[in-house]
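The values are calculated or read from the model by the stated rules, or taken from the named source; none is laboratory data. Values in this document were obtained by computation on a predicted structure and should not be read as measured data. As a convention, Cβ positions derive from the backbone with ideal geometry for all residues, glycine included, and neighbour counts pool all protein chains shown. Surface accessibility is based on the protein's heavy atoms, side chains included, excluding ligands, DNA and RNA. Shrake-Rupley method; radii C 1.70, N 1.55, O 1.52, S 1.80 Å.
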Amino acid sequence: AAKETRAGLRAYDETADVNTPQRLARIADLRAAIDRRDLMVAFQPKVDPATGAVVGAEALARWHHPADGMVPPDEFIPLAEHSGLIRPLTLHMLEVALRSRAAWARTGHDLHVAVNLSPNGLLDVTLPEVVERLLAQTGSAPASLTLEITESSIMADPSGSLATLERLHALGVKLSIDDFGTGYSSLGRLRRLPIHEVKIDRSFVQRLTHDHRDRAVVRSAVQLGHALGLEVVAEGVEDAGALELLAREGCDLVQGYFVSRPLAPDAFTEWLTGQPV
Ligand code: C2E
Ligand code: CA
Ligand code: CA
Ligand code: CA
């Protein structure tokens with residue numbers, strides 16, 4: 001249960017994480033950053049390995065703390081999840097991502113944009129309505145938005161999350177299973193989910209050229225995805241060898257430092273300008 005502290009912060013007394021004064025201060029700073037729209041978005045391109053064409057971009061949250069500098073998402077996303085801030089954070093990401101996508105489209109680059117949903121995101125029953133409203137406000141086709149959901153978050157609450165997934169799917173939004181290969185989902189369940197894409201976890205992709213076992217995992221993930229009628233994306237492509245192997249295995253899209261690091265909005269727009277329309 002949440003209780004109000006004297007500072008007016010919501011403190012959870014049932015989570016495993018202890019709310020130290022430092023942690024509470026961090027939460028207050030994060031709340032302020034979201035309110036002031038100081039939370040930044042970096043975009044990382046998703047590219048067709050066969051042609052090199054840019055097909056989409058993933059939006060990744062970036063927080064520059066006024067005193068402490070860059071705070072990694074692996075630190076502030078869990079904090080947001082435990083403090084009720086993940087909802088406004090996600091809405092901010094969705095809004096910036098869809099507005100940016102509309103701006104790229106105006107320059108002739110008709111990409112899709114992907115936004116990450118946290119595990120509790122799927123338990124928010126208002127999410128489909130909010131997504132529908134943001135799509136309308138930004139004049140975006142539903143299919144231009146992909147929501148990335150980790151395999152483990154779907155497994156955590158199969159029935160509740162399935163209802164939300166079905167409603168998002170009915171809107172025409174595309175759904176992607178992130179970190180695929182790390183969550184032990186059963187093939188039976190995977191087949192029944194209304195998903196469009198699987199994203200092979202970067203832990204299998206990074207050492208692809210050096211490890212024949214990783215190569216076997218990637219090959220079977222591509223084959224499984226295609227057998228289920230899904231697009232297959234590989235993340236964490238760090239060298240030319242991995243890109244070449246993924247193209248040869250028939251992987252549909254790649255993402256990684258070798259193509260581009262996640263870029264600030266202006267830098268991403270500039271990068272796009274150098275790409276063929
Ligand atoms: P993710 O969704 O798996 O995102 C991919 C992560 O891999 C990003 O880390 C990206 O910068 C990094 N990456 C991309 N290419 C390469 C590569 O070639 N090599 C390596 N080693 N890494 C690469 P980032 O931005 O630090 O984000 C970490 C995680 O934080 C994300 O993992 C995602 O789970 C979470 N996250 C980030 N932004 C958001 C958000 O807006 N909402 C939610 N719910 N989670 C987010
Ligand atoms: Ca992701
Ligand atoms: Ca991932
Ligand atoms: Ca293809």
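Structure summary
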{"quantity": "Matching residues in region 102-153 - criterion: being modelled with pLDDT under 95, β-branched (Val, Ile, Thr) and not in a loop (DSSP other than H, G, I, E, B)", "calculated": "ILE149, THR150"}
{"quantity": "Restricting region 228-246 to residues that are closer than 12 Å to VAL259 by Cβ, away from ligand 2 (no atom under 16 Å from the Cβ) and in a loop (DSSP other than H, G, I, E, B), the residue that is most open to solvent (accessible area, probe 1.4 Å)", "calculated": "GLU238"}
{"quantity": "Pairs with Cβ under 7 Å, 6+ apart, first in region 196-218 and assigned to a helix (DSSP H, G or I) and away from ligand 1 (no atom under 13 Å from the Cβ), second among the hydrophobic types (A, V, I, L, M, F, W, C) and open to solvent by 10 Å² or more (accessible area, probe 1.4 Å)", "calculated": "ASP214/PHE204; ARG215/LEU245; VAL217/PHE204; VAL218/PHE204"}
{"quantity": "Sole exception among (1) within 16 Å of ligand 4 (Cβ to nearest atom); (2) without any contact (Cβ under 8 Å) to a residue 40 or more places away in the chain for ALA50, by number", "calculated": "(2)"}
{"quantity": "Number of the exception - ARG189 against (1) at pLDDT below 95; (2) within 14 Å of ligand 1 (Cβ to nearest atom); (3) of a type outside the set (Ser, Thr, Tyr)", "calculated": "(2)"}
{"quantity": "Matching residues, region 247-270, being open to solvent by less than 60 Å² (accessible area, probe 1.4 Å), more than 14 Å from ligand 4 (Cβ to nearest atom) and under 17 Å from ALA53 (Cβ atoms)", "calculated": "GLN255, GLY256, VAL259, SER260, PHE268"}
{"quantity": "Test set (1) under 23 Å from TRP104 (Cα atoms); (2) open to solvent by 70 Å² or more (accessible area, probe 1.4 Å); (3) without any contact (Cβ under 8 Å) to a residue 24 or more places away in the chain - GLN223 fails condition number", "calculated": "(1)"}
{"quantity": "Number of positions in region 31-71 that are within 14 Å of ligand 1 (Cβ to nearest atom), among the aliphatic types (A, V, I, L, M) and open to solvent by 50 Å² or more (accessible area, probe 1.4 Å)", "calculated": "2"}
{"quantity": "Failed item in (1) more than 18 Å from MET40 (Cα to Cα); (2) crowded, with 20+ Cβ neighbours inside 10 Å, with LEU94 passing the rest", "calculated": "(1)"}
{"quantity": "Within region 99-111, considering residues that are of a type outside the set (S, T, N, Q) and open to solvent by less than 30 Å² (accessible area, probe 1.4 Å), the one farthest from ligand 1 (Cβ to nearest atom)", "calculated": "HIS109"}
